[in-house]
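To keep things clear, I will list the structure first and then write my remarks on it.
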Amino acid sequence: MSDLADEPASIEDLVESFELLDDWQDRYGYLIELGRELPAFPEDARVAENKVKGCMSQVWLIAEPVDPESGVLRFRADSDAHIARGLVAILLTIFSGHSPQQILDTDPRPVFARLGLDKHLSMGRSNGLLSMVGKIKQIAAAAS
């Protein structure tokens, strides 16, 4: 099990890092780097029920309770594609470490806009990103 500290520090840190990069080639490189920093994903969790449907690449997503009393969830995920792994890292930054209700109440689209993802992702990647968000919210709803 990894610590929450293994995940990107905050959305503000991500936004700052994206703003420092001048062009989208550099930003895609940073996105790939974020994906490389994801904690290891358990091999036994690479099963159909953990797979995100609607993604062009393979993406697996699980949640683990951080504290059973508060219901706070930590998400872990992986993908077989570099950009998708980076997008997963952003989603973990947004949603991990929050209660199911906080997750359900969070709209990640303003974050995507601040990062420029709403304008620079292909339609397929955008749909996959929304499918990942849907899976996260489905897990949160089941946990609440």
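Values in this text are rule-based calculations from the coordinates and carry no lab data. Values in this document were obtained by computation on a predicted structure and should not be read as measured data. All Cβ positions, glycine included, derive from the backbone under ideal geometry; neighbour counts span all protein chains shown.
Counted as qualifying within the range 34-144 are the helices (runs of 4 or more DSSP H) with 2 or more residues that are crowded, with 20+ Cβ neighbours inside 10 Å and touching a Ser or Thr at 6+ places or on another chain (Cβ under 8 Å), namely 82-95. Taking the conditions (1) in contact with a Phe, Trp or Tyr (Cβ under 8 Å, 6 or more places away or on another chain); (2) within 22 Å of residue 29 (Cα to Cα); (3) in contact (Cβ under 8 Å) with a residue 40 or more places away in the chain; (4) not charged (D, E, K, R) in turn, residue 75 satisfies each one other than (2).
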